[in-house]
Amino acid sequence: MYPQMTPYRVALYRGGTSKAVFMMKNELPQDPAQRDRVIRAIFGSPDPRQIDGLGGADVLTSKFAMIGPPTRPDADVDYTFAQVSFDSPAVDYGGNCGNISSAVGPFAIDEGLVPAVEPVTTVRIHQTNTHCILLAHVPVKDGKAQVLGDCAIDGVPGTGAPIWMDFSQTGGSTTGHLLPTGSLTDRIEAAGGEYEVSIVDAGNVVVFLEAAALGLKGTESCAELEADRALMARMEAIRAAAAVKAGMAPTAELATKESGYVPFLALVSPPAAYRTPMGKEILAGDIDLTARLYFMGHMHKAYPGTGSVATGAAARLPGTLVWRQLGDRARENGPLRIGHPSGVMISDAAADRRGESVAFQRLAYVRTARRLLEGTCYVRNE
């Protein structure tokens, strides 16, 4: 029909506070290099506006999900995540996105890949980036993923049907260890200074740093933080040095160049009052922890689902920087209220400690998700 362009069937989903283009694996070229070229073209990358593609020119809307038949007997679908850069020609498969993970179950049900069973369908997701199983508990109505509901997510207008995501099987899924260095805290040298960090691998690898170590209150907005380019460069240097410490990159330079997505860097501090960009007042009594998260050279405008998983896990490990911030609010199990730039996110973590070992019965959070668009995307033949 269009001899100078190739058609590709796509669906656009919002998952939590992010958006992603979803495609079936068999719709894409098998050759990895050619596949990534197509993905970049679909998004219009690299280009800071992504004007010639479907990308939203934001780290939270330049995400890709590839879905295929399960390659494990304990899964219903395979799911591969990619963060598509608009600053460089990078398609990063280094980790997972918890927000987009929450849309995989609805996609699988809507596409008929998993039988719809009312009132809730549990979708077993093989997350291929981290080689683990995620459980999505998706409300269903009339054979499709339910959209309407009373679940509100800070950073998303309105309400939707609650989707519970269980990441209890993801401890150590990226590095092989819940604590990649074997320590609750480590000291690293970066940007001319020495910093104490906690590195936790659950959901994704997250490097936790006290906001005060950077001279911050912890309640700063994303705009305030990103306006300070020297501070952003410092955070990247710390993140890259921690990646080397965790065995995720041989050098800090390669960590920045080839692994910009993970590890995340989370700045944590005790509860404090602040106002979100939308004017919502967050009181210190509303939260257990204040957090701001950096990745891909930018600040996250809310808080990532996988970041909440690692934060919940860190809260159950006495001695980590997250546990230290909780003080008297530290408790064995139960909801952890994380104050982020757009509001509050709940991480529900339950751990069983036996000597030096820790087993998580629950590492969960709730999101909403829905299909925004389905159709054909056209890529120029070049």
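Quick note: the coordinates plus some simple rules give every number you see, no bench work behind them. Quantities reported herein were computed from a predicted structural model and do not represent experimental measurements. Every residue, glycine among them, receives a Cβ derived from its backbone with ideal geometry; neighbour counts consider all protein chains shown.
Couple of notes before you dig in:
- Given their separation in residues at 0.36 nm each and the Cα-Cα distance between them, T256 and V120 gain 44.8 nm when the chain is fully extended.
- Per-bin percent of Cα-Cα distances, the range 186-364 [10 Å]: 10, 41, 36, 12, 1
- Take the Cα of C151, step 7 Å toward its Cβ, do the same at M5, and the gap between the two points is 3.5 nm.
- Counting only the Cα atoms, the chain fills a convex hull of 139 Å³ per residue.
- Selection from A249, A103, S259 lying farthest towards where the dipole of the chain points positive, charges on Cβ: A103
- ³J(HN,Hα) computed for each position of the range 44-54 - Karplus, 6.51 cos²θ - 1.76 cosθ + 1.60, integer Hz, glycine/proline x: x, 10, x, 5, x, 9, 6, 5, 9, x, 8
- Nearest-20 debye value, the chain charge dipole, Cβ charges on Lys, Arg, Asp, Glu: 320
- Placing a label point 7 Å from the Cα of A359 along the Cα-to-Cβ line, the residues of the range 147-172 whose backbone N sits under 20 Å from it are 166-172.
- Packing rank of 115-121, 306-312, where each peptide gets the mean count of other beta carbons within 10 Å, highest leading: 306-312, 115-121
- When the Cα positions of Y195, G172, C151 are compared along the charge dipole of the range 130-211, C151 comes out farthest toward the positive end, with charges on each C-beta of Lys, Arg, Asp and Glu.
- Translational diffusion coefficient (Stokes-Einstein; Kirkwood radius from C-alpha pairs) of the range 257-318 at 20 °C, 1.002 mPa s, in µm²/s: 165
- J(HN,Hα) series, the range 126-136, from Karplus relation 6.51 cos²θ - 1.76 cosθ + 1.60, nearest Hz, glycine and proline x: 7, 7, 6, 5, 10, 6, 9, 9, 10, 10, 10
- Per residue, the convex hull spanned by the Cα atoms of the range 24-112 measures out at 106 cubic angstrom.
- Based on Cα atoms of the range 111-185, Rg over Rh with Rh as the Kirkwood radius reads 1.11.
- Rounded to whole numbers, the Karplus 3J(HN,Hα) couplings from phi for the range 302-312 are 9, 7, x, x, 5, x, 5, 5, 5, 5, x Hz, using 6.51 cos²θ - 1.76 cosθ + 1.60 with θ = phi - 60°, and x at Gly and Pro.
- Charge dipole (debye, nearest 20) of the range 186-364; +1 at Cβ of Lys and Arg, -1 at Cβ of Asp and Glu: 280
- Ranked by how many other beta carbons lie within 10 Å on average, peptides 236-244, 126-134 from highest: 236-244, 126-134
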